[in-house]
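Below: the structure, in structure tokens.
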Amino acid sequence: MAEASEEVYSSLHQRFRGELLRPGDSGYEDARIIWNGMVARTPGLIARCTDVNDVQNAVRAASASGILTAIRCGGHSLAGFSTCDGGLVIDLTRMRQVTVDPTKRRATIAGGCLLGSIDSATQKAGLVFPAGVVSHTGASGLILGGGTGWLTRRLGLSCDNVEGFTVVTADSSVVRANSKENPDLFWALRGGGGNFGVVTEFEVKLHPLTSVVLAEGLTSESGIRGLLESWRDFMADAPIDLKWNIDLRLAPQTRKVPIELRGRPVASSSLIWTGDPEVGPPYLQHALSMCSPDSVSSKIVSFLNLQTMADSDFPHGRRYYTKSGYFTYLDDSSIDRLMEAVSTIPSSETQIELAYLGGAAARIGAHETAFGDRSSPFILNLLANWSEPSADASNVAWIRGTFNKLRPAMKPGVYVNFMSGDEQDRVPEAYHERWDRIVSVKSHYDPNNFFRLNQNIPPRRVGARNS
Ligand SMILES: Cc1cc2nc3c(=O)[nH]c(=O)nc-3n(C[C@H](O)[C@H](O)[C@H](O)COP(=O)(O)OP(=O)(O)OC[C@H]3O[C@@H](n4cnc5c(N)ncnc54)[C@H](O)[C@@H]3O)c2cc1C
């Protein structure tokens, strides 16, 4: 591998406009680190690209040498796919340009953008791009996997709001994908993750929005069952302007939390209302009536505040492990399992995240995008979050055990961005009835599986060779 990275370095260094970092170089150690502290790897070369030509040169050199290659935007892959040992990282963190056309309500987003860079640029024009809930997350990985967030019910998934991609494919050519040009690739890039090439630019739709009503509250352990039953039934007919997320967790030891709840199992409800602020209160009140009165708040917040309020809950460098799935209906026995799980949570930062999709996301047909079936509105994400390596085994075991108990009631399927690095066997499940089609697109654009550090869709030729 060391030879391969030297070969790539030699081939690139004369013509590469960005930065090439090898172990020992100044800046290498910082560039090596990704968000999940569980994944500490040492690439042989990090190629920090400045433009599409750099990306093409890096892909060409890497492909010729056969080196293992990771693609990095925000470095937030929970699975740790944006790094590798000994191989090459094609790092897009210098490519963060966002260009907004306020009149057409469109933007172009470069392949290395963080969500925060998009929000800052689009909010100057009073517009939003629907994406995730933490501003230091990379946009590329999030959009390519699907992209859920506060605005999913109102405006759809992130990938539903992409009208075109510019991609450097495995043969290093620059390809455009939209509804007219390479429509199969366009379909696959909306949910298929990083399997098809390096996306250097997204063309996206924007929507007017500058503030929302935000309501929050905590429900004590004895009230969680009733809250979950009510949430399940209420959301089925709720307006698309309402997003109500529930996290089951141990209440933080902070002054904002009523003293009797601190450190205790709670359900933490966070709701936003994106419509007319005069219309939202009864809906918000329904949820808040099941929360401890001295834990409740409701206020209008700017969109930029909303998008950054969870940033410090998920700091870089902590240790994270996740498993996820969908429910068509959250039945009573699944609620029992969730009650058991919250009473055994092993870390104060670990969360059982529950979100209800539906709305605009559910209006897109199962075959319109590779993301696929949106008919199971309940998304569960078990996210363990801890700091000590000595606690790795207990945290991972807790996630696996909890997941195994809940899995029988889940609908087959999984959101690829909420998967860990040890779930390759679930990738066909993520695309189930779309599997043949997505394998065909992969086989066409990446027949040798150059882009394989991802929730991987093996091309047919590689599959045949390996069998
Ligand atoms: C703190 C945190 C909050 C999150 N919140 C949300 C959320 O609200 N909603 C949601 O849907 N998801 C969320 N996620 C999950 C997130 O969508 C994935 O972790 C996603 O992979 C992050 O993208 P990234 O660009 O930072 O990833 P990276 O680690 O940089 O890349 C991950 C993978 O994406 C692919 N990739 C990245 N850039 C490109 C590119 N330009 N071209 C081609 N492939 C590329 C590659 O396969 C790469 O291995 C969150 C994750 C974290 C850590």
Lysines with Cα under 29 Å of residue 104, excluding same-chain neighbours fewer than 8 positions away:
124, 180, 205, 243
Considering only DSSP beta bridges with both partners in the chain, what is the antiparallel share in %, to the nearest 5?
90
Expected 222 nm ellipticity per residue - DSSP helices of 4 or more, -39500 (n - 2.57), all of the chain, to 500
-8500 deg cm²/dmol
The extension gain from residue 448 to residue 42, computed as 0.36 nm times the residue separation minus the Cα-Cα distance, is 143.7 nm
Summed residue charge, Cβ within 12 Å of residue 165's Cβ, Lys/Arg positive, Asp/Glu negative
-2
Can you work out the FRET efficiency for the pair residue 394 and residue 433, with r the C-beta to C-beta distance and R0 = 35 Å, to the nearest 0.05?
0.40
Can you return the lysines within cross-link range of residue 256? Criterion is Cα-Cα under 17 Å, with same-chain partners fewer than 8 residues away left out.
299
Orientation-averaged projected area, Cα convex hull of segment 337-467 (nm²):
10.0
Modelling each spin label as a point 7 Å along the Cα-to-Cβ direction, I'd like the residue 26/residue 53 distance in nm, to one decimal.
2.6
What residues have an amide H closer than 5 Å to that of residue 127, excluding those fewer than 5 places away on the same chain, when H is modeled at 1.01 Å from N in the peptide plane?
209
Selected from 92, 27, 52, residue furthest toward positive end of dipole (segment 15-144; charges at beta carbon)
52
Explain nothing, just the number: relative contact order of the chain, from Cα pairs under 8 Å at least 6 residues apart, as a whole percent.
16
If every Lys and Arg gets +1 and every Asp and Glu gets -1 at its Cβ, then about the Cα centre segment 183-275 yields a dipole, in debye to the nearest 20, of 420
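Using only the Cα atoms of segment 298-367, build the gyration tensor, take square roots of its eigenvalues as a ≥ b ≥ c, and label the shape rounded, prolate or oblate: rounded if a/c is under 1.5, else prolate if a/b is larger than b/c, else oblate.
oblate
Pop the C-beta distance of residue 405 and residue 348 into the FRET formula with R0 = 22 Å and round what comes out to the nearest 0.05. Write out the running numbers ahead of the final one.
Numbers: r = 22 Å, r/R0 = 1.00.
Taking R0 as 22 Å, the efficiency between residue 405 and residue 348 is 0.50.
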Placing one equal point scatterer on each C-alpha of the chain and summing with Debye, one gets log10 I(q)/I(0) at q = 0.07, 0.09, 0.12 Å⁻¹ equal to -0.35, -0.58, -1.05
Can you compute 3J(HN,Hα) from phi for each residue in segment 317-326, using the Karplus curve 6.51 cos²θ - 1.76 cosθ + 1.60 with θ = phi - 60°, rounded to whole Hz and x for Gly and Pro?
x, 6, 9, 9, 8, 9, 8, 8, x, 10
Need the list of lysines near residue 405 for cross-linking: C-alpha distance under 19 angstrom, and skip anything on the same chain fewer than eight residues off.
323
Projected onto their principal axes, the Cα atoms of segment 327-370 stretch, largest extent first, over whole-Å spans of 40, 25, 17
If you take the Cα Rg of segment 181-318 and divide it by 2.2 N^0.38 Å, with N the number of residues, what do you get?
1.31
Cα centroid distance between segment 140-184 and segment 350-417, in Å?
22
Quick check for me: using +1 on Lys/Arg Cβ and -1 on Asp/Glu Cβ, what's the dipole size of the chain about its Cα centre, in debye to the nearest 20?
500
Search the structure for amide H atoms under 5 Å from the amide H of residue 190, placed 1.01 Å from N in the peptide plane, and list their residues when 5 or more places away or on another chain.
370
With no solvent and one point on each alpha carbon, what is the Debye value of log10 I(q)/I(0) for segment 276-338 at q = 0.21, 0.22 Å⁻¹?
-1.12, -1.09
Magnitude of the Cβ-charge dipole of segment 1-81, K/R +1 and D/E -1, about the Cα centre, nearest 20 debye?
180
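No lab work stands behind these numbers, since they all come straight from the coordinates. Just so you know, these numbers come straight off a predicted model, no measurement behind them. Note that we place each Cβ from the backbone using ideal geometry, even for glycine, and neighbour counts take in every protein chain shown.
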